[in-house]
Structures are given as structure tokens and as C-alpha cells.
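Asks: Please see the structure below; I have some questions.
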Amino acid sequence: MKALILFGSTTGNTEYTAEVVQEVLDKNKVETTLLNAVDASLEVMEKDFGLFVFGCSTWGDDDIELQEDFEPLYEGMDKVSFDGKLVATFGCGDSTYTHFCGAVDAITEKAQAGGAKIDVSPLKIDGDPDDVRDEIEDWAQKVADLAKAA
């Protein structure tokens with residue numbers, strides 16, 4: 001199965017997490033493409049990927065604000081069919097905010113509305129992802145197992 005890991009990162013935490021996810025998927029022989037949202041267009045979601053792994057940080061205290069580079073992709077997801085595709089989502093945030101990792105929830109909901117199959121709970125990281133690398137690897141292994149079983 002081919003997987004796209006698409007992330008938006010401002011401070012580097014979400015990028016670090018995406019790289020750890022890629023390492024685990026690669027170890028499990030899942031063919032991955034890692035792409036920063038700043039370098040992506042909506043057309044990439046229309047390519048022949050069976051698995052989409054979306055990572056996005058969350059900003060804003062009063063409203064959910066997606067990482068700025070990811071926002072145009074999120075807005076365009078309504079035009080993408082995820083029928084028959086596996087989708088997994090992750091993000092980094094700060095639990096002191098009202099909408100802790102709210103971007104992850106918003107992306108998950110939009111992918112589900114587009115027909116995505118989501119069989120693994122979203123990964124929400126509070127603070128420095130390096131402190132929870134084992135948790136990231138365990139989550140990524142679940143994603144890899146789903147990809148291999150599909």
C-alpha cells in the first residue's frame with residue numbers, strides 16, 4: 001500500500017512526529033511519501049494512495065485554527081473523495097487551550113464526511129513529541145498494521 005503523510009508544522013513538533021510515523025511505516029514495508037503542507041496542493045490527495053496520514057498543529061484559544069500551511073488543504077478536502085481510503089490523523093497542541101488538538105478533530109471529521117475509513121483513534125500530543133516518542137511509535141505501528149491488512 002502507498003501512504004501519504006501530509007503535515008503542517010510551525011514549530012517543528014508536527015514535522016518531527018510525521019518523520020517518526022514515516023520511520024515506522026517504512027520499517028513495516030509501507031511505501032511512504034512525506035510531504036510538508038507548504039509544498040502541497042490539493043491534487044496530491046487525488047493521487048493513488050491507499051492511506052492518508054494527516055498531521056496538523058492547532059492554534060487559537062477562542063476558535064480552532066489549523067496550522068496556516070495546512071488550512072488551504074483542509075478547506076479543499078470537501079472536493080476530495082476518500083471512499084475506500086484509510087485515514088489516520090495526528091497533531092501537536094497544548095492542553096491548556098480550550099480546543100486541545102482541535103485541528104485533528106476537524107480533519108478527521110472532514111475525511112469521514114468524504115468517505116474515509118478511520119480505524120485508529122487520532123493521536124493528540126500535548127507538548128514536546130520527543131517526550132512521547134514511544135507513544136508515537138505505538139500509534140504508527142497500529143496504522144502500519146491496518147495498512148498491511150488492507
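The values are calculated or read from the model by the stated rules, or taken from the named source; none is laboratory data. On a predicted model such as this, the values are computed, not experimentally measured, just so you know. Using ideal geometry, Cβ is built from the backbone for each residue, glycine included, and neighbour counts are taken over all protein chains shown.
Asks: Consider Gly115 carefully, then state whether it is under 27 Å from Lys148 (Cβ atoms) and surrounded by fewer than 15 Cβ atoms within 10 Å (Cβ to Cβ).
Replies: yes
Asks: Same structure, new question: Hey, among the residues in the stretch 39-70 that are at pLDDT below 95 and among the β-branched types (Val, Ile, Thr), which one's nearest to Gly115 (Cα to Cα)?
Replies: Per the criteria, the residue is Val44.
Asks: Against the definition (within 16 Å of Ile64 (Cα to Cα), touching a strand residue (DSSP E or B) at 6+ places or on another chain (Cβ under 9 Å) and surrounded by 14 or more Cβ atoms within 10 Å (Cβ to Cβ)), how does Gly102 come out, yes or no?
Replies: yes
Asks: Conditions first: (1) in a loop (DSSP other than H, G, I, E, B); (2) closer than 15 Å to Val143 by Cα. Asp63 passes all but one, so which condition is the exception?
Replies: That leaves (2) as the condition not met.
Asks: Another one. If only one of Gly76, Gly84 is on the phi > 0 side of the Ramachandran plot and not basic (Lys, Arg), which one is it? Working first, answer last.
Replies: Numbers: Gly76 fails: on the phi > 0 side of the Ramachandran plot.
Answer to the selection: Gly84.
Asks: Return only the number of the condition from (1) free of Cβ contacts under 8 Å to residues at least 60 places away in the same chain; (2) under 14 Å from the mean Cα position of the chain (by Cα) that Val132 does not satisfy.
Replies: The failed condition is (2).
Asks: Against the definition (closer than 20 Å to Ala144 by Cα and either polar (S, T, N, Q) or outside any helix (DSSP H, G or I) (or both)), how does Thr96 come out, yes or no?
Replies: For Thr96, the condition - closer than 20 Å to Ala144 by Cα and either polar (S, T, N, Q) or outside any helix (DSSP H, G or I) (or both) - is not met.
Asks: Of all residues in the stretch 66-94, count the ones that are closer than 19 Å to Trp139 by Cβ and among the β-branched types (Val, Ile, Thr).
Replies: 2
A quick yes/no check of all residues on (1) hydrophobic (A, V, I, L, M, F, W, C); (2) farther than 17 Å from Ser9 by Cβ:
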| position | (1), (2) |
| --- | --- |
| Lys29 | no, yes |
| Gly50 | no, yes |
| Leu73 | yes, no |
| Val80 | yes, yes |
| Asp94 | no, no |
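Asks: Give the residues of the stretch 67-84 that are closer than 11 Å to Glu46 by Cβ and not in a helix (DSSP H, G or I), sorted by residue number.
Replies: Result: Val80, Ser81, Phe82.
Asks: Quick one: count up the residues across the stretch 114-145 that are part of a helix (DSSP H, G or I) and either among the aromatic types (Phe, Trp, Tyr) or modelled with pLDDT under 95 (or both).
Replies: Of the residues in that region, 1 qualify.
Asks: List, please: which pairs have Cβ atoms under 9 Å, are six or more places apart or on different chains, and start with a residue in the stretch 20-44 that is among the aromatic types (Phe, Trp, Tyr) and end with one that is not in a strand (DSSP E or B)?
Replies: none
Asks: Another one. Cβ-Cβ under 7 Å, sequence separation 6+ or interchain: first residue in the stretch 5-19 and within 14 Å of Phe70 (Cα to Cα) and in a loop (DSSP other than H, G, I, E, B), partner modelled with pLDDT under 95 and not β-branched (Val, Ile, Thr). Which pairs?
Replies: From the stretch 5-19, the pairs are Ser9/Ser57; Ser9/Gln67; Thr10/Ser57; Thr10/Gln67.
Asks: Take the residues of the stretch 92-124 that are more than 12 Å from the chain's Cα centre (by Cα) and of a type in the set (Val, Ile, Thr): which is farthest from Lys79 (Cα to Cα)?
Replies: Residue satisfying both the conditions and the ranking: Thr96.
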